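Asks: Please see the structure below; I have some questions.
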Amino acid sequence: MKECLIVGKTHAGKTMFALNFAHYLGVTNLEITFRHPSGLVGSKTYSISAARRELVGAAPHTTRALQSITLDLPVGKGSKRCLFTDTSGLVDHIHADVEIRRAIAQTLGAIREADLILHLIDAAAVGLQDAPSALGEVDYQVAQFAQMRTGYAMLANKMDLPGASVGLARLRQEFPGHTILPISALYKRGFREVKAFVQRYL
Ligand SMILES: Nc1nc2c(ncn2[C@@H]2O[C@H](COP(=O)(O)OP(=O)(O)OP(=O)(O)O)[C@@H](O)[C@H]2O)c(=O)[nH]1
Ligand SMILES: [Mg+2]
């Protein structure tokens, strides 16, 4: 089974995207497998609303493990399974908290192994500043690394917020030649295009 990794800076909306994309594909009871940086593995079943309540956070560094959901996507006359894995958010600096550093190291390791990468960026935040300062080094590094692979797309998230369309234009200018799909993880907008993108690589 192929693995599609959801990466990006902390607070970009990765967990919201993972949960709402699963819901968009018709999943109402989510079985989530947690792989912790310590090596501990466990799983838990959530309703979509409980998952949003418990796993999406208003503060940064909410996710501290690899959180995977198996999804079936229609391909041709049948369907194909794909493991969608949400990750701990990245930061530009070396974080002071050792637990967060370990979680970030786990994300970076997973990037090397993934078949497909969806790189979430908060387009509304990018719209507020110049792209280089809003994006930070880590987004450029992920884009540069992932660009060498076939299954890579940037998802410009939070398109429902003011300033996000300015952010999207900046992203397009900054990363010409990349696939950039505007979405709102919160309102499930742009998900048809994301689904079509993923289907191409399964
Ligand atoms: N307006 C708006 N808010 C969003 C959207 N997606 C996520 N958010 C909000 O952004 C915040 C962070 O969302 P998360 O999904 O927890 O972000 P994350 O990237 O998983 O963050 P970490 O786990 O810390 O790396 C939450 O307050 C969400 O409600 C969106 O499309 N639009
Ligand atoms: Mg998260």
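The values are calculated or read from the model by the stated rules, or taken from the named source; none is laboratory data. From a predicted model like this one, the values you see are computed outputs, not experimental measurements. Counting neighbours? That spans all protein chains shown, and the Cβs are built from the backbone with ideal geometry, glycine included. For accessibility, only protein heavy atoms count, side chains too; no ligands or nucleic acids. Shrake-Rupley method; radii C 1.70, N 1.55, O 1.52, S 1.80 Å.
Asks: Looking only at segment 23-49, which residues are in a strand (DSSP E or B), open to solvent by 70 Å² or more (accessible area, probe 1.4 Å) and closer than 16 Å to Thr87 by Cβ?
Replies: Arg35, Val41
Asks: Which numbered condition in (1) touching a Gly at 6+ places or on another chain (Cβ under 8 Å); (2) on the phi < 0 side of the Ramachandran plot; (3) within 13 Å of ligand 1 (Cβ to nearest atom) is the only one that Ala65 fails?
Replies: (1)
Asks: Continuing with this model, one more query. Just give me the residues in segment 1-39 being hydrophobic (A, V, I, L, M, F, W, C), within 24 Å of Arg112 (Cα to Cα) and more than 11 Å from ligand 2 (Cβ to nearest atom), in sequence order.
Replies: Within segment 1-39, Met1, Cys4, Leu5, Phe21, Ala22, Ile32, Phe34 qualify.
Asks: Considering (1) surrounded by fewer than 15 Cβ atoms within 10 Å (Cβ to Cβ); (2) assigned to a loop (DSSP other than H, G, I, E, B), say which one His95 fails and leave the rest.
Replies: (1)
Asks: Please go through segment 1-22 and give me each residue that is open to solvent by 60 Å² or more (accessible area, probe 1.4 Å) and within 16 Å of ligand 1 (Cβ to nearest atom), ordered by number.
Replies: Restricting attention to segment 1-22, the residues satisfying the condition of being open to solvent by 60 Å² or more (accessible area, probe 1.4 Å) are 1-2, 11.
Result: His11, single match.
Asks: Looking at segment 59-74, which of its residues are surrounded by fewer than 15 Cβ atoms within 10 Å (Cβ to Cβ) and more than 11 Å from ligand 2 (Cβ to nearest atom)?
Replies: Correct list: Asp72, Pro74.
Asks: Let me ask another. Tell me, which residue of segment 40-58 that is more than 13 Å from ligand 2 (Cβ to nearest atom) and either within 15 Å of the chain's Cα centre (by Cα) or of a type in the set (S, T, N, Q) (or both) is farthest from Thr28 (Cα to Cα)?
Replies: Selected residue: Ser43.
Asks: With segment 98-202 as the region, which helices (runs of 4 or more DSSP H) entirely inside it contain at least 3 residues that are small (Gly, Ala, Ser)?
Replies: Filter on segment 98-202 gives 98-113, 123-128, 131-147, 164-174.
Asks: Which residue is farthest from ligand 1 (Cβ to nearest atom), if the candidates are limited to segment 76-90 and must be surrounded by 14 or more Cβ atoms within 10 Å (Cβ to Cβ) and not hydroxyl-bearing (Ser, Thr, Tyr)?
Replies: Among residues in segment 76-90 that are surrounded by 14 or more Cβ atoms within 10 Å (Cβ to Cβ) and not hydroxyl-bearing (Ser, Thr, Tyr), the one farthest from ligand 1 (Cβ to nearest atom) is Lys80.
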